[in-house]
Amino acid sequence: MARRPKICVVGGGQFGLMHLRAFRQLEREGRCQFLALADINETLLEERRREFGMRTYADFAEMLEREQPDAVTIATPDHLHREIALHAINAGMHVLVEKPLEVTVEGCSQLVEAARAGKTLLQVDFHKRYDPYHAELCRLAREGKFGEIQYGYAWMEDRVEVPRDWLSAWAAESSPAWFLAVHMVDLFRWVAQTRGRRVYATGVRKKLPAIGVDTWDSISMSVEMEGDITFQCQASWILPEAFEAVVNQGIRVVGTDGIMEVDSQNRGAESCFASDDRMVTPNLGFFRETQDTAGQAVYGGYGIDAIADFADNVAFLMEGGKLTDLAGRYPDGVDGLETTKIVAAVHESLATGKLVEIA
Ligand SMILES: NC(=O)c1ccc[n+]([C@@H]2O[C@H](COP(=O)([O-])OP(=O)(O)OC[C@H]3O[C@@H](n4cnc5c(N)ncnc54)[C@H](O)[C@@H]3O)[C@@H](O)[C@H]2O)c1
C-alpha cells in the first residue's frame with residue numbers, strides 16, 4: 001500500500017485555506033494524513049479547526065516538535081517564509097513554500113543549501129505551471145515549436161481590495177512584483193529555460209499610499225535573459241472593485257517560428273446577475289468546488305493540483321524514489337532562487353533608477 005505522508009500546514013489565512021482544502025481532500029483519497037495547522041491568529045485558528053477538524057497550534061515550532069510530520073507547507077506572508085522553512089528543513093522535513101520562496105537572494109540560497117544538505121524536497125508553489133494552458137505552452141516550447149524564443153510579455157493585476165483589505169497587515173512588506181509578478185517570471189523562465197541577466201524597472205506609488213497602504217501601486221519590468229531573450233512584465237494591485245475578477249493575468253511568447261498567447265483569466269465564460277454589482281468571468285481552471293455523491297465538497301483546479309503534487313512527490317520519496325528522479329518535474333528551490341534574483345533586482349532598480357546586473 002502506498003505510503004501516506006503526514007503533513008502539517010503553517011499559516012491558515014486566505015491562501016492557507018487552499019492548503020487545508022487540498023490536504024483534507026487528499027486524506028479522503030488516501031494520499032496523505034493531514035495532522036495539524038499552526039497560525040499566530042488564534043481566532044482564525046479556531047475558525048479553521050471548526051471547519052477542517054485538524055489539531056491546531058499557535059506556535060509552529062511546537063507543532064513540528066509534537067507532530068513530527070514528514071512534510072510541512074508554509075503559507076505565511078511573503079517576508080515570513082525563511083525562518084519557518086529553515087526550521088522544518090533542518091528537522092529533516094520536506095517543505096512546500098508559497099511563492100515567493102523568500103524575498104532575499106541570500107535567504108533563498110540558504111534554503112536551497114539546507115535542503116541540498118539534508119536531501120529534503122524543497123518545492124515552491126508556483127502554481128501557474130499547473131494551469132493546463134501554461135503546461136501546453138511549455139510542452140510546445142520543449143517540442144521546439146517556437147524555434148528560438150526571443151521575447152515574452154506577461155501581466156498580472158489584482159483588484160485593489162487585495163492589498164487594501166485582504167493583506168492589510170503586510171502589503172507594505174510586499175509589492176505587486178513579490179506578490180504577483182513572481183508567478184509570471186517563474187512561468188516564463190520555465191517555458192524559455194533561461195535565467196535573468198539584467199533588469200530595469202519603473203513603478204508608481206500613489207493610489208495605495210494615499211489610502212494608507214505604503215507600497216507600490218504598479219511595477220513595470222524589463223528583464224534581459226540568457227540566450228538573447230527579453231521578458232517584460234507589468235504587475236499592479238489597484239484594479240477597481242468593479243473589475244470582473246479578483247485577478248487579471250496573461251502571457252504571450254514569441255520565437256523565430258511561433259507565437260502563443262494565453263488569456264489566463266478570461267476563459268470564455270461571462271455572467272451578470274442582478275444580485276452582483278459587476279460582470280463576472282470565472283476562472284474555473286484555477287479553483288472549482290463540486291460535490292460527491294455523499295454531498296462532500298470536492299475541489300479541483302490548478303490551485304489545488306500544485307499543492308497535491310507536493311504531497312504526491314513526498315509519497316514518491318517515502319516509497320524509495322530519488323530526488324533526482326523528480327528533477328525538472330516541479331518548481332524547486334533553485335527556481336525559487338532564480339526568480340527571487342530577478343525580483344530582488346527589480347526592487348533594486350526601482351530604488352536606484354538604474355539597470356541592475358544579476359550576479
Ligand atoms: N500561490 C498563489 O497563487 C498565492 C495566492 C495568494 C497568496 N499566496 C502566498 O501565500 C502566502 C500567504 O498569503 P495569504 O494571502 O494567505 O496571506 P494572509 O495574510 O491571508 O495569511 C497569512 C497567515 O499567516 C499567519 N502567520 C503569520 N506569521 C505566522 C507565524 N510565524 N506562524 C504561523 N502563522 C503565521 C497569519 O496569522 C495569517 O493567518 C504569501 O506568501 C502569499 O504570497 C500565494
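The values are calculated or read from the model by the stated rules, or taken from the named source; none is laboratory data. If you're wondering where the values come from, they're calculated on a predicted model, not measured in any experiment. Positions of Cβ are generated from backbone atoms using ideal geometry, with glycine treated the same way; all protein chains shown enter the neighbour counts. Protein only, heavy atoms only, side chains kept; ligands, DNA and RNA dropped before computing areas. Shrake-Rupley method; radii C 1.70, N 1.55, O 1.52, S 1.80 Å.
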Among residues of segment 228-261, those that are of a type in the set (A, V, I, L, M), under 30 Å from residue 206 (Cα atoms) and surrounded by 13 or more Cβ atoms within 10 Å (Cβ to Cβ), counted: 7
Residue selected from segment 232-267 under the condition of a type in the set (Ser, Thr, Tyr) and more than 24 Å from residue 172 (Cα to Cα), by the criterion nearest to the chain's Cα centre (by Cα): 264
Residue 84 vs. criteria assigned to a helix (DSSP H, G or I), among the β-branched types (Val, Ile, Thr) and more than 13 Å from the ligand (Cβ to nearest atom): no
Qualifying residue in segment 59-73 (condition: of a type outside the set (Gly, Ala, Ser) and within 15 Å of residue 14 (Cα to Cα)): yes
Residues satisfying the stated conditions in segment 112-139, i.e. within 23 Å of residue 259 (Cβ to Cβ) and small (Gly, Ala, Ser): 135
Segment 134-154: number of residues that are touching a residue at least 24 places away in the same chain (Cβ under 8 Å) and within 17 Å of the chain's Cα centre (by Cα): 2
Residue identified as open to solvent by 40 Å² or more (accessible area, probe 1.4 Å) and within 13 Å of the ligand (Cβ to nearest atom) among 224, 173: 173
Counted residues, segment 65-81 - those being open to solvent by less than 30 Å² (accessible area, probe 1.4 Å), more than 11 Å from the ligand (Cβ to nearest atom) and either more than 18 Å from residue 23 (Cα to Cα) or outside any strand (DSSP E or B) (or both): 2
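Results for (1) within 17 Å of the chain's Cα centre (by Cα); (2) among the β-branched types (Val, Ile, Thr), shown as yes or no for each residue.
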| site | (1), (2) |
| --- | --- |
| 74 | yes, yes |
| 82 | yes, no |
| 85 | yes, no |
| 116 | no, no |
| 121 | yes, no |
Every residue from segment 305-335 that is open to solvent by 10 Å² or more (accessible area, probe 1.4 Å) and among the β-branched types (Val, Ile, Thr): 324, 334
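Residues are listed down the side, and each one gets a yes or a no for (1) part of a strand (DSSP E or B); (2) touching a Gly at 6+ places or on another chain (Cβ under 9 Å):
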| residue | (1), (2) |
| --- | --- |
| 164 | no, yes |
| 172 | no, no |
| 178 | no, no |
| 184 | no, yes |
| 198 | yes, no |
Subset of segment 3-41 [out of contact with any helix residue (DSSP H, G or I) (no Cβ under 6 Å at 6 or more places or on another chain), closer than 20 Å to residue 65 by Cβ, within 9 Å of the ligand (Cβ to nearest atom) and open to solvent by 10 Å² or more (accessible area, probe 1.4 Å)]: 40
Helices (runs of 4 or more DSSP H) completely within segment 272-359 that count 2 or more residues being in contact with a strand residue (DSSP E or B) (Cβ under 6 Å, 6 or more places away or on another chain): 302-318, 333-352
Residue that is farthest from the ligand (Cβ to nearest atom) [pool: residues in segment 118-144 that are in a helix (DSSP H, G or I), out of contact with any Pro (no Cβ under 7 Å at 6 or more places or on another chain) and closer than 26 Å to residue 175 by Cα]: 134
Answer residue from segment 87-117, given it is assigned to a strand (DSSP E or B) and near the ligand (Cβ under 9 Å from one of its atoms) and is surrounded by the most Cβ atoms within 10 Å (Cβ to Cβ) among those: 97
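Residue-wise test of (1) out of contact with any Phe, Trp or Tyr (no Cβ under 6 Å at 6 or more places or on another chain); (2) under 15 Å from residue 126 (Cβ atoms); (3) within 16 Å of the ligand (Cβ to nearest atom).
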position	(1), (2), (3)
190	yes, yes, yes
207	yes, no, no
218	yes, no, no
234	no, no, no
Residue pairs meeting the criteria (Cβ under 6 Å; at least 6 apart or on separate chains; first more than 17 Å from residue 195 (Cα to Cα), in segment 348-359; second among the hydrophobic types (A, V, I, L, M, F, W, C)): 348/356; 349/199; 349/201; 349/356; 350/201
